[in-house]
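Student: Mind looking over this structure? Questions follow.
The values are calculated or read from the model by the stated rules, or taken from the named source; none is laboratory data. A quick note: this is a predicted structure, and the numbers were derived from the prediction, not measured. Cβ sites come from the backbone with ideal geometry, for glycine too, and all protein chains shown count toward neighbours.
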Amino acid sequence: MHAKDYRKLASDQCQKYTGELIIIQLVLELIALVIGLLGLIRLTRNPVLIGIFGTLMSVATIIIAGPFEFSFINVAQKVYKDQSPEINDVFSGFKRFSQAFIVTALKFIFIFLWSLLLVVPGIIKSYSYSMAEYISYDDPNISSNDAITKSRQLMNGNKGKLFCLEISYIGWILLVVLTLGILGLWVMPKINQAKYNFYLNLVKQEQPKEVNASK
């Protein structure tokens with residue numbers, strides 16, 4: 001499948017649940033807005049306290065990133081299965097908080113360490129580890145390190161394909177920026193769905209290899 005195929009498939013899948021997905025995305029964007037506004041608050045002119053507050057906000061963002069990523073996956077999975085997503089799905093990832101937090105935090109650490117070498121290795125590794133949350137979500141018993149390792153194996157030879165899929169939405173992303181995020185209520189769920197379909201396709205491609213290896 002090519003980028004245009006993933007875009008069309010995602011658009012077709014999301015069309016039936018446009019209203020529900022817009023509401024869910026609105027809630028997510030409002031949460032992001034609140035976090036962003038809190039990050040701009042300056043309760044004091046003391047640079048030390050400002051630094052502490054900024055650090056706490058960064059840590060809080062890292063802590064909730066994983067659970068919300070699981071929530072995105074849960075919504076995409078429901079749409080894929082032709083099930084109506086619900087507003088409480090926004091927080092569904094927090095039901096598996098520890099697993100979601102650890103895999104995302106560990107991935108962040110690995111990418112950060114690679115980025116210390118040069119920017120390019122960090123970007124490459126971000127694509128290598130991009131399927132870790134999907135793998136972890138599908139297998140509650142897998143360790144975070146194994147999920148990252150499996151993501152690296154799945155993305156071997158597929159990093160360019162994911163890059164092409166993401167870059168194919170660049171026009172829509174620019175329009176989202178120009179509309180101050182309003183268009184994102186409609187676009188972002190489709191991007192999330194397209195990436196989920198990309199992951200499922202990688203898994204399907206990997207299954208024949210695992211069968212052959214076991215013979």
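Student: Looking at Thr44, Thr61, Thr55, which is the one that is under 22 Å from Tyr127 (Cα atoms) and at pLDDT below 90?
Tutor: Working: Thr44 fails: under 22 Å from Tyr127 (Cα atoms); Thr55 fails: under 22 Å from Tyr127 (Cα atoms).
Just a single option satisfies the conditions, and that option is Thr61.
Student: Ok, one more. Would you say Ile62 is surrounded by fewer than 18 Cβ atoms within 10 Å (Cβ to Cβ) and either in contact (Cβ under 8 Å) with a residue 40 or more places away in the chain or closer than 11 Å to Glu133 by Cα (or both)?
Tutor: Details: surrounded by fewer than 18 Cβ atoms within 10 Å (Cβ to Cβ): yes; either in contact (Cβ under 8 Å) with a residue 40 or more places away in the chain or closer than 11 Å to Glu133 by Cα (or both): yes.
So Ile62 passes the test.
Student: Among the candidates Ala132, Ala147, Ala100, single out the residue that is in contact with a Gly (Cβ under 6 Å, 6 or more places away or on another chain), under 18 Å from Tyr196 (Cβ atoms) and either modelled with pLDDT of 90 or more or hydrophobic (A, V, I, L, M, F, W, C) (or both).
Tutor: Working: Ala132 fails: in contact with a Gly (Cβ under 6 Å, 6 or more places away or on another chain); Ala147 fails: in contact with a Gly (Cβ under 6 Å, 6 or more places away or on another chain).
Sole residue among the options that is in contact with a Gly (Cβ under 6 Å, 6 or more places away or on another chain), under 18 Å from Tyr196 (Cβ atoms) and either modelled with pLDDT of 90 or more or hydrophobic (A, V, I, L, M, F, W, C) (or both): Ala100.
Student: From the list Ile173, Ile182, Ile167, Ile191, which one is out of contact with any helix residue (DSSP H, G or I) (no Cβ under 7 Å at 6 or more places or on another chain), farther than 26 Å from Ala100 by Cα and surrounded by 15 or more Cβ atoms within 10 Å (Cβ to Cβ)?
Tutor: On the way: Ile182 fails: surrounded by 15 or more Cβ atoms within 10 Å (Cβ to Cβ); Ile167 fails: surrounded by 15 or more Cβ atoms within 10 Å (Cβ to Cβ); Ile191 fails: farther than 26 Å from Ala100 by Cα.
The unique qualifying residue is Ile173.
Student: Given (1) free of Cβ contacts under 8 Å to residues at least 24 places away in the same chain; (2) surrounded by fewer than 22 Cβ atoms within 10 Å (Cβ to Cβ), where does Phe108 come up short, assuming only one miss?
Tutor: Result: Phe108 fails condition (1) only.
Student: Given (1) out of contact with any Asp or Glu (no Cβ under 6 Å at 6 or more places or on another chain); (2) under 20 Å from Ala194 (Cβ atoms), identify the lone condition not met by Pro140.
Tutor: Exception for Pro140: condition (2).
Student: What residue, of Asp89, Asp82, is assigned to a helix (DSSP H, G or I), closer than 27 Å to Trp186 by Cα, modelled with pLDDT of 90 or more and not hydrophobic (A, V, I, L, M, F, W, C)?
Tutor: Numbers: Asp82 fails: assigned to a helix (DSSP H, G or I).
Exactly one residue qualifies, and that residue is Asp89.
Student: Determine, yes or no, whether Ile73 is closer than 21 Å to Lys204 by Cα, crowded, with 21+ Cβ neighbours inside 10 Å and among the β-branched types (Val, Ile, Thr).
Tutor: Values: closer than 21 Å to Lys204 by Cα: yes; crowded, with 21+ Cβ neighbours inside 10 Å: yes; among the β-branched types (Val, Ile, Thr): yes.
The answer is yes for Ile73.
Student: Could you grab the pairs with beta carbons closer than 7 Å, sequence gap of 6+ or different chains, first residue in the range 149-161 and aliphatic (A, V, I, L, M), second one in a helix (DSSP H, G or I)?
Tutor: Once the first residue is aliphatic (A, V, I, L, M) and sits in the range 149-161, its partners that are in a helix (DSSP H, G or I) give Leu154/Leu202; Leu154/Glu206; Met155/Tyr127; Met155/Ser128.
Student: Select, from Ile111, Ile173, Ile123, Ile73, the only residue that is within 16 Å of the chain's Cα centre (by Cα) and at pLDDT 95 or above. Step through it out loud before you land on a result.
Tutor: Details: Ile111 fails: at pLDDT 95 or above; Ile173 fails: at pLDDT 95 or above; Ile123 fails: at pLDDT 95 or above.
Of Ile111, Ile173, Ile123, Ile73, the one residue that is within 16 Å of the chain's Cα centre (by Cα) and at pLDDT 95 or above is Ile73.
Student: Could you tell me which of the residues Asn201, Asn197 is touching a residue at least 12 places away in the same chain (Cβ under 8 Å), out of contact with any helix residue (DSSP H, G or I) (no Cβ under 7 Å at 6 or more places or on another chain) and not hydroxyl-bearing (Ser, Thr, Tyr)? So that I can check it myself, show each step before the final result.
Tutor: Working: Asn197 fails: out of contact with any helix residue (DSSP H, G or I) (no Cβ under 7 Å at 6 or more places or on another chain).
Among Asn201, Asn197, only Asn201 is touching a residue at least 12 places away in the same chain (Cβ under 8 Å), out of contact with any helix residue (DSSP H, G or I) (no Cβ under 7 Å at 6 or more places or on another chain) and not hydroxyl-bearing (Ser, Thr, Tyr).
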